[in-house]
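Only one structure is covered here, and it is reproduced in the block below.
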Amino acid sequence: MLASCPSTPPVGRTGPRAHREVASRHWFFLADWVNVLMIHFEVDAAALQQATPFPLDLYEGRAFVSTVAFTMRRMRPYASGAWTERWFRPIATHAFLNVRTYVQVRGETGICFLAEWIPNRLSYWLGGPLFGLPYRLGRLEYQQDFSRSIQAFRGTVTDARTSRAFRYRGAIEHTSCPYGPCQPGSLEEWLMERYAAFTYRKGVARRFHVEHAPWQQIPTGIEIEEASLLTRSWPWFGHSQLVGANASPGFCDVRMERPGKFTNG
């Protein structure tokens with residue numbers, strides 16, 4: 001497990017995509033996000049727009065989709081005590097595979113979840129109706145600990161219904177302090193530094209914000225061994241181009257809003 005992880009800083013974090021008026025947010029949850037691997041693909045913008053309910057945000061005219069493989073730990077209410085944290089234990093800790101793209105809604109840049117694979121059935125039953133999250137059940141097997149100095153890693157996500165899989169592997173060789181912020185103005189910064197998320201389920205659009213320090217990350221090589229999980233869900237993904245991956249130890253105490261409904265259009 002992660003030996004240590006930086007806590008979310010006080011409000012007022014700076015950066016190119018820091019959301020404004022953070023102090024006015026009504027934070028609802030806290031959670032640790034650890035051993036985070038983001039894999040980025042360039043895809044056809046027209047095909048992606050057909051699968052996305054919000055206007056795409058493009059980088060120099062190019063469209064991207066990222067998979068985000070990580071483990072969530074200790075999700076609990078923001079104003080929690082020992083007893084409220086105990087109530088959340090059945091859904092507090094499990095792995096995720098998020099498939100996200102990049103959108104701009106009413107002038108605000110953020111991410112849109114295309115799908116999220118999780119192994120926790122209770123989270124699956126609650127996530128869609130209560131929060132509009134596009135959860136799908138799956139078996140997630142991650143062997144990645146980005147606190148180690150020499151790291152071979154791999155992961156497999158298998159859909160519970162179709163048995164289609166997403167399988168990857170890679171390796172990091174680094175010194176004791178390899179992680180750092182994204183280069184300003186880079187594609188990595190554009191992809192990673194996002195703090196608003198949008199969802200759309202059964203005609204209802206929702207938005208929520210998160211808050212944590214800027215990503216401490218390192219680019220890493222990646223090999224995709226199987227992608228049938230993605231191509232089965234989005235056939236146009238078969239023509240995607242792998243453009244890179246970034247690993248991060250993650251964060252403790254990430255602040256999250258409860259998703260709020262809004263009118264999309």
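Pairing residues of the range 98-114 that are in contact (Cβ under 8 Å) with a residue 12 or more places away in the chain and under 20 Å from residue 72 (Cα atoms) with residues that are part of a loop (DSSP other than H, G, I, E, B) and small (Gly, Ala, Ser), at Cβ distances under 7 Å and at least 6 apart in sequence or on separate chains, gives 114/51. One residue alone among 206, 194, 232 is basic (Lys, Arg) and in a helix (DSSP H, G or I), and that residue is 232.
If you check residue 106 against the conditions, is it surrounded by fewer than 20 Cβ atoms within 10 Å (Cβ to Cβ), out of contact with any helix residue (DSSP H, G or I) (no Cβ under 9 Å at 6 or more places or on another chain), on the phi > 0 side of the Ramachandran plot and not acidic (Asp, Glu)? Before the answer, list the steps.
Working: surrounded by fewer than 20 Cβ atoms within 10 Å (Cβ to Cβ): yes; out of contact with any helix residue (DSSP H, G or I) (no Cβ under 9 Å at 6 or more places or on another chain): yes; on the phi > 0 side of the Ramachandran plot: yes; not acidic (Asp, Glu): yes.
Yes, satisfied.
Residues that are within 29 Å of residue 110 (Cβ to Cβ) and small (Gly, Ala, Ser) within the range 152-193 comprise 155, 160, 165, 170, 180, 185, 186, listed in sequence order.
Can residue 59 be described as under 19 Å from residue 29 (Cα atoms) and of a type in the set (Ser, Thr, Tyr)? Steps first, please.
Numbers: under 19 Å from residue 29 (Cα atoms): no; of a type in the set (Ser, Thr, Tyr): yes.
It is false that residue 59 is under 19 Å from residue 29 (Cα atoms) and of a type in the set (Ser, Thr, Tyr).
Annotation: residue 168 fulfils all but one of (1) touching a Lys or Arg at 6+ places or on another chain (Cβ under 8 Å); (2) part of a loop (DSSP other than H, G, I, E, B); the unmet one is (2). Scanning the range 115-137 for residues that are without any contact (Cβ under 8 Å) to a residue 24 or more places away in the chain and outside any strand (DSSP E or B) returns 121, 124, 125, 127, 129, 130.
Restricting the range 151-179 to residues that are at pLDDT 95 or above, among the hydrophobic types (A, V, I, L, M, F, W, C) and buried (at least 17 other Cβ atoms within 10 Å of the Cβ) leaves a set whose member that is farthest from residue 140 (Cα to Cα) is 153.
Just one of (1) of a type in the set (A, V, I, L, M); (2) surrounded by fewer than 17 Cβ atoms within 10 Å (Cβ to Cβ); (3) in contact with a Gly (Cβ under 6 Å, 6 or more places away or on another chain); (4) under 29 Å from residue 27 (Cβ atoms) fails for residue 196. It is (2). Out of curiosity, is residue 179 in contact (Cβ under 8 Å) with a residue 12 or more places away in the chain and under 23 Å from residue 93 (Cα atoms)? No, not satisfied.
Somewhere in the range 246-259, is a residue over 16 Å from the mean Cα position of the chain (by Cα) and under 19 Å from residue 97 (Cα atoms)? No, every residue in the range 246-259 fails to be over 16 Å from the mean Cα position of the chain (by Cα) and under 19 Å from residue 97 (Cα atoms).
In this structure, is residue 99 in a strand (DSSP E or B), β-branched (Val, Ile, Thr) and touching a Ser or Thr at 6+ places or on another chain (Cβ under 7 Å)? Yes, satisfied. Which residues, taken from the range 46-62, are exposed (fewer than 15 other Cβ atoms within 10 Å of the Cβ) and either among the hydroxyl-bearing types (Ser, Thr, Tyr) or closer than 22 Å to residue 133 by Cα (or both)? Scanning the range 46-62 gives 50, 55, 59.
The values are calculated or read from the model by the stated rules, or taken from the named source; none is laboratory data. Keep in mind the model is a prediction, meaning the values are calculated, not measured. Backbone-built Cβ (ideal geometry, glycine too); neighbour counts: all protein chains shown.
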